[in-house]
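The structure under discussion appears below in the form of structure tokens.
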Amino acid sequence: MHASDDMSPQERDTRIQLAACYRLVSHFGMSDLIYNHITARIPGTDDHLLINPYGMMYDEITASSLVKIDLAGNILGPSSTGYGINAAGYVIHSAVHGARHDVECVIHTHTRAGMAVSALRCGLLPLTQTAMRFAKIPYHDYESVAIDLDERARLVADLGASEAMILRNHGLLAVGPSIAQAFNTLYWLEMACKAQVDALSANRELCLPPPEVIEKTWHLYQPTTRRPFGELEWPAMLRLMDRKDPGYKD
């Protein structure tokens with residue numbers, strides 16, 4: 001990546017990690033053409049974020065192509081691609097970044113399994129160990145395309161202090177204190193949704209563990225119980241992207 005002279009080492013590193021995250025989401029089949037977003041707060045700043053240019057697919061994203069914006073959605077500095085940003089994405093992401101100063105990264109997806117579970121009245125069921133990690137996941141009711149600024153307060157209130165949320169009739173949202181943790185949360189939430197869709201499609205009686213087992217399993221997945229999930233896995237994720245195409249660092 002050809003960084004400008006005034007780019008901090010923290011911003012340079014965040015750009016590389018965020019570009020890798022975009023490529024990983026694409027690699028694992030969780031992208032949606034040019035739509036949706038992964039944003040990251042630049043360390044050392046309260047209101048400077050990196051977001052994808054509106055017009056590029058996730059597997060095209062590079063460190064230098066990411067657009068720097070503030071919480072108001074203003075683009076800071078020149079864009080290397082000529083693309084702008086998607087206002088709908090800015091509304092959701094700026095709401096979380098503005099309210100949750102413990103969050104560095106926010107990921108929103110429209111995956112097939114995520115949308116399917118978001119449309120089920122029962123929501124995400126504790127059918128698998130993976131799903132039990134999200135046994136207390138919150139929900140946000142659909143309010144149409146996220147372009148109304150007044151939705152931000154309701155979205156943030158529904159998310160609370162959680163690491164993930166299901167947006168009803170819409171998709172999935174994952175947040176984390178690092179890009180590594182946010183990606184891990186999204187990946188396993190997506191796997192839980194896929195497993196539920198598969199189980200429901202079998203049209204057989206479901207087997208649900210007792211409440212005390214669900215509670216114990218949920219507790220064991222909390223970042224303060226054993227470890228913050230995602231950090232141990234992240235170097236392997238970066239190696240995967242390096243093997244596939246190290247051009248994301250450019």
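Some notes on this structure:
- Residue match in region 195-215 (condition: touching a helix residue (DSSP H, G or I) at 6+ places or on another chain (Cβ under 8 Å) and part of a strand (DSSP E or B)): no
- Filter result for Ser64 (surrounded by 14 or more Cβ atoms within 10 Å (Cβ to Cβ) and free of Cβ contacts under 8 Å to residues at least 40 places away in the same chain): no
- Tally, over region 17-60, of residues that are among the hydrophobic types (A, V, I, L, M, F, W, C), within 16 Å of Leu238 (Cα to Cα) and surrounded by 21 or more Cβ atoms within 10 Å (Cβ to Cβ): 6
- Looking only at region 113-145, and only at residues there that are touching a residue at least 60 places away in the same chain (Cβ under 8 Å) and part of a helix (DSSP H, G or I), the one that is farthest from Gly73 (Cα to Cα): Gln129
- Tabulated pairs, region 154-178, first farther than 23 Å from Thr224 by Cα, second aromatic (Phe, Trp, Tyr) and in a loop (DSSP other than H, G, I, E, B), C-beta under 6 angstrom, 6+ apart or interchain: Arg168/Tyr142; Asn169/Tyr142; His170/Tyr142
Residue-wise test of (1) of a type outside the set (Lys, Arg); (2) at pLDDT 95 or above; (3) within 22 Å of Ser94 (Cβ to Cβ); (4) surrounded by fewer than 19 Cβ atoms within 10 Å (Cβ to Cβ).
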| position | (1), (2), (3), (4) |
| --- | --- |
| Ala116 | yes, yes, no, yes |
| Ala174 | yes, yes, yes, no |
| Phe183 | yes, yes, yes, no |
| Val197 | yes, yes, no, yes |
| Pro210 | yes, yes, no, yes |
| Leu220 | yes, no, no, yes |
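- Residues being closer than 18 Å to Ile179 by Cα and at pLDDT below 95 are represented in region 74-90 by at least one member.
- Across region 216-233, the qualifying residues are those that are part of a helix (DSSP H, G or I) and in contact (Cβ under 8 Å) with a residue 60 or more places away in the chain, and the one among them that is farthest from Thr109 (Cα to Cα) is Thr217.
The values are calculated or read from the model by the stated rules, or taken from the named source; none is laboratory data. Remember, it's a predicted structure, so these values are computed and weren't measured experimentally. Backbone-built Cβ (ideal geometry, glycine too); neighbour counts: all protein chains shown.
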